[in-house]
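Worksheet: the structure to be examined is printed underneath.
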Amino acid sequence: MSERPIDIRQVARTLSAVENRRPQADAIVREAYRQARPVPVVGIAGPPGAGKSTLLDHLALHWAQAGEQVAVIAVDPSSPYTGGAMLGDRFRMDRASAHPRVFVRSLSSRGQAGGLSRAAQDVVTVIGALGFDRVLVETVGSGQADLDVAMLADCVVVVSVPGLGDQIQAAKAGILEIGDVYAVNKQDLPGADTVAGHLEANLDLVYPGRAGVNEPGRTGRRYAAGGANPSVHRRHGAAHGPESFWRPPVMRVSAREGAGIDALAGTIDAFLEWQREGGCEAQRRVERLRSHVARLAAGRLLALASHEGSSAELGRLAERVASGASTPDQAAEVLIDVLFESWRRRRAT
Ligand SMILES: Nc1nc2c(ncn2[C@@H]2O[C@H](COP(=O)(O)OP(=O)(O)OP(=O)(O)O)[C@@H](O)[C@H]2O)c(=O)[nH]1
Ligand SMILES: [Mg+2]
């Protein structure tokens, strides 16, 4: 745990500089990556109104009371218009934000056209360098946003609730690919048991063994490495040899009453510990940075297409496609050549 006390006002100023890409941002971000002090990131995903913010509020408080410095960030990649009030409404941290060891921050897409995941990645890295022990992330929005959380987090908690109907739950089947831990919230409402049962049944199709850490050889069934879902198997252990694997537990919670929070927090920590010890955590981080770097590169190339020379060339290519002189694929290949050429010229100057 961090020993030096964190100056929250200083943290807020530093993050604003990074988020708004002020002149000093590059230096701050560079220094943060240089320090390479990874901080465990817990992401929370799930349908609107599932109780994600309420849960995070309890979880942040739980870890703060255990002595950790906790940063909570809400990311809204869905719209450039939901900064301020709207995001504030959906992201209330009444209990935790009053705790001196909790820092709460929202990150909207304002002025970040297409760059929010970059900003979030940088912000998380800077938070780590500032000495926090843990970051909790809620992404507001729909399907794609869930994946963005998965991109950023070392542990993804997927929240389900009763009352959404089987169709929506089924449409959410994709969440079985991103969860490390499942939380069924609103146990006070009817149908919570059914939702938990469905989840368990679906997990049965993908994982042998029992919830949590499984030692090899105890499960009867071989763990099908690279089977139906390679990315799940890679994250949860099969690719790491004969040691052990993780089966995501389904935890029952009632965020409104704060019931089941300690058990949920304990499970998240058990997962992070298993992941750290097996070396999966470092690998997951590298994989994450791999797509981050690839996205940055693609973004830069695309940005070049709007510069004068390239933009004019793109116009000519489009006209050729429109007149039947070229296919879009052929035009794209020519554009790549043009962009690379332009990139090399810029680097050389
Ligand atoms: N009955 C019941 N309601 C709950 C429980 N937990 C949260 N809620 C309520 O569900 C509503 C939504 O909670 P939030 O925490 O804002 O949910 P969210 O998933 O963050 O919502 P969005 O950010 O808008 O997607 C609030 O009115 C909560 O009080 C619970 O355990 N039981
Ligand atoms: Mg919320």
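Pick out the one residue from Ala312, Ala325, Ala303 that is within 30 Å of Asp122 (Cβ to Cβ) and either within 21 Å of the chain's Cα centre (by Cα) or not charged (D, E, K, R) (or both).
On the way: Ala312 fails: within 30 Å of Asp122 (Cβ to Cβ); Ala325 fails: within 30 Å of Asp122 (Cβ to Cβ).
So the residue among Ala312, Ala325, Ala303 that is within 30 Å of Asp122 (Cβ to Cβ) and either within 21 Å of the chain's Cα centre (by Cα) or not charged (D, E, K, R) (or both) is Ala303.
So, of the residues in the stretch 181-235 that are modelled with pLDDT of 65 or more and aromatic (Phe, Trp, Tyr), which turns out to be surrounded by the most Cβ atoms within 10 Å (Cβ to Cβ)? My answer is Tyr182. Does the stretch 7-28 contain any residue that is at pLDDT below 95, more than 19 Å from Gln121 (Cα to Cα), among the charged types (D, E, K, R) and not in a helix (DSSP H, G or I)? The answer is yes; a qualifying residue exists.
Would you call Arg284 within 14 Å of His236 (Cα to Cα) and part of a helix (DSSP H, G or I)? When the stated conditions are applied, Arg284 passes them.
A quick yes/no check of all residues on (1) among the charged types (D, E, K, R); (2) not in a helix (DSSP H, G or I):
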| residue | (1), (2) |
| --- | --- |
| Asp262 | yes, no |
| Glu273 | yes, no |
| Ser311 | no, no |
| Ala318 | no, no |
| Gly324 | no, yes |
| Gln330 | no, no |
| Leu335 | no, no |
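Pull up the stretch 29-62, narrow it to residues that are part of a loop (DSSP other than H, G, I, E, B) and among the hydrophobic types (A, V, I, L, M, F, W, C), then point me to the one that is farthest from ligand 1 (Cβ to nearest atom).
Across the stretch 29-62, the extreme among qualifying residues is Ala36.
I'd like the full set of residues that are aliphatic (A, V, I, L, M), surrounded by 14 or more Cβ atoms within 10 Å (Cβ to Cβ) and closer than 17 Å to Ser244 by Cβ, limited to the stretch 264-306. Ala270, Leu272, listed by residue number.
If you go through the stretch 125-145 and keep only what is open to solvent by 10 Å² or more (accessible area, probe 1.4 Å) and either assigned to a helix (DSSP H, G or I) or at pLDDT below 85 (or both), you end up with Thr125, Ala129, Gly141, Ser142, Gly143, Gln144.
The values are calculated or read from the model by the stated rules, or taken from the named source; none is laboratory data. Because the structure is a prediction, the values reported are computed rather than measured. Positions of Cβ are backbone-derived with ideal geometry, glycine not excepted, and every protein chain shown enters the neighbour counts. When the accessible area is computed, the model is the full protein with side chains, heavy atoms only, and any ligands, DNA or RNA have been set aside. Shrake-Rupley method; radii C 1.70, N 1.55, O 1.52, S 1.80 Å.
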